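The values are calculated or read from the model by the stated rules, or taken from the named source; none is laboratory data. What you are looking at is a predicted structure, and each value in this text was computed from that prediction instead of being measured. Virtual Cβ from ideal backbone geometry, glycine too; neighbours counted across all protein chains shown. When the accessible area is computed, the model is the full protein with side chains, heavy atoms only, and any ligands, DNA or RNA have been set aside. Shrake-Rupley method; radii C 1.70, N 1.55, O 1.52, S 1.80 Å.
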Amino acid sequence: GYLCYDPRDPAQNATDPNSWKFTSNAALIIADWIVSKDGLGKRVNWAKVAIEADESDKIILDRNGNPVKKWQLGGSYSSADERENIRAQMGVACDAFFYEDADGFVGFNVGRWIEPDVEIVDDDIITATFTEGQAGTDVKNAFSVEYTDPIIAYRENASAPYVIDAPNEPYEEDSISAYWIPNHNQAVRVGARLLKLARAELKGSLLLKYQGARLMEKRNFHLR
């Protein structure tokens, strides 16, 4: 029943908690935790939060054709919990990317493709290390996510696995717990994202010159 400030609502005031409303919007919940005294205790750019809140509220269809908001969160934390653990739990549940800008504000993007507007070229790179393929002998081709299922009285439940067609590989499933996820559709989408990330053809690490500072707030960039 916790209330969060929504910068898109003219009836709400950031300094008046009595004007705030209940929400399951992932961006608003993350922003509230960032600015909260029992959360991160940092500042956010509310105009940017509004953009992420709109993205979270986008309507998509589940496998049965029912509308569902794209990114929602529901959960609880204790003031005794490590802040980094809370951030990671919220982040994985909505595929969030976090950053700190030059003014010290904490920013984030909920999961989506953002067209890159920065390109890194040879002259920007001091050293580069790349690996190809996946480590180990058991390559994962399926991924399931444990989430909080409202259909079974808000208890833990495992999603259907997201599976990649790999006829020449034995079935190998991985899993993760993401209990801030409040519905099955979102759990499967997060599983798809994590599996594709784990099966990336290339993984790399770059040590960049000063041009690397342009990536400070960027989720995606072009590498030439």
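Among the residues of segment 155-181, those that are open to solvent by 70 Å² or more (accessible area, probe 1.4 Å), free of Cβ contacts under 8 Å to residues at least 60 places away in the same chain and not polar (S, T, N, Q) comprise R155, E156, V163, D165, P167, P170, Y171, E173. Is it the case that some residue within segment 175-193 is modelled with pLDDT under 95, part of a loop (DSSP other than H, G, I, E, B) and of a type outside the set (F, W, Y)? Among the residues of segment 175-193, not one is modelled with pLDDT under 95, part of a loop (DSSP other than H, G, I, E, B) and of a type outside the set (F, W, Y), which makes the answer no. Search segment 126-154 for residues being open to solvent by 40 Å² or more (accessible area, probe 1.4 Å) and touching a Leu at 6+ places or on another chain (Cβ under 9 Å), and hand back the single one that is nearest to K209 (Cα to Cα). Here the residue is I126. Residues in segment 32-62 that are of a type outside the set (K, R) and touching a residue at least 60 places away in the same chain (Cβ under 8 Å): I34, L40, V44, N45, I60, D62. Please enumerate the residues belonging to segment 1-44 that are among the β-branched types (V, I, T), closer than 23 Å to R83 by Cβ and open to solvent by 20 Å² or more (accessible area, probe 1.4 Å). Result: T23, I29, V35. In the condition set (1) at pLDDT below 95; (2) in a helix (DSSP H, G or I), I86 is compliant with all but (1). Return yes when D123 is open to solvent by 70 Å² or more (accessible area, probe 1.4 Å) and more than 25 Å from the chain's Cα centre (by Cα) and no when it is not. So D123 fits the description; yes. Here G111 fulfils each of the conditions (1) outside any loop (DSSP other than H, G, I, E, B); (2) at pLDDT 95 or above apart from (1).
When you check I60 against the structure, is it over 24 Å from L28 (Cα atoms), among the hydrophobic types (A, V, I, L, M, F, W, C), outside any helix (DSSP H, G or I) and touching a strand residue (DSSP E or B) at 6+ places or on another chain (Cβ under 9 Å), yes or no? In short, no. Name the single residue that is farthest from the chain's Cα centre (by Cα) among those in segment 63-83 being of a type in the set (A, V, I, L, M) and either surrounded by 10 or more Cβ atoms within 10 Å (Cβ to Cβ) or assigned to a strand (DSSP E or B) (or both). Step by step, filter segment 63-83, then rank; the result is V68. Has segment 96-103 got at least one residue that is part of a loop (DSSP other than H, G, I, E, B), under 21 Å from L197 (Cα atoms) and either open to solvent by less than 50 Å² (accessible area, probe 1.4 Å) or in contact with a Pro (Cβ under 7 Å, 6 or more places away or on another chain) (or both)? For segment 96-103, residues part of a loop (DSSP other than H, G, I, E, B), under 21 Å from L197 (Cα atoms) and either open to solvent by less than 50 Å² (accessible area, probe 1.4 Å) or in contact with a Pro (Cβ under 7 Å, 6 or more places away or on another chain) (or both): present.
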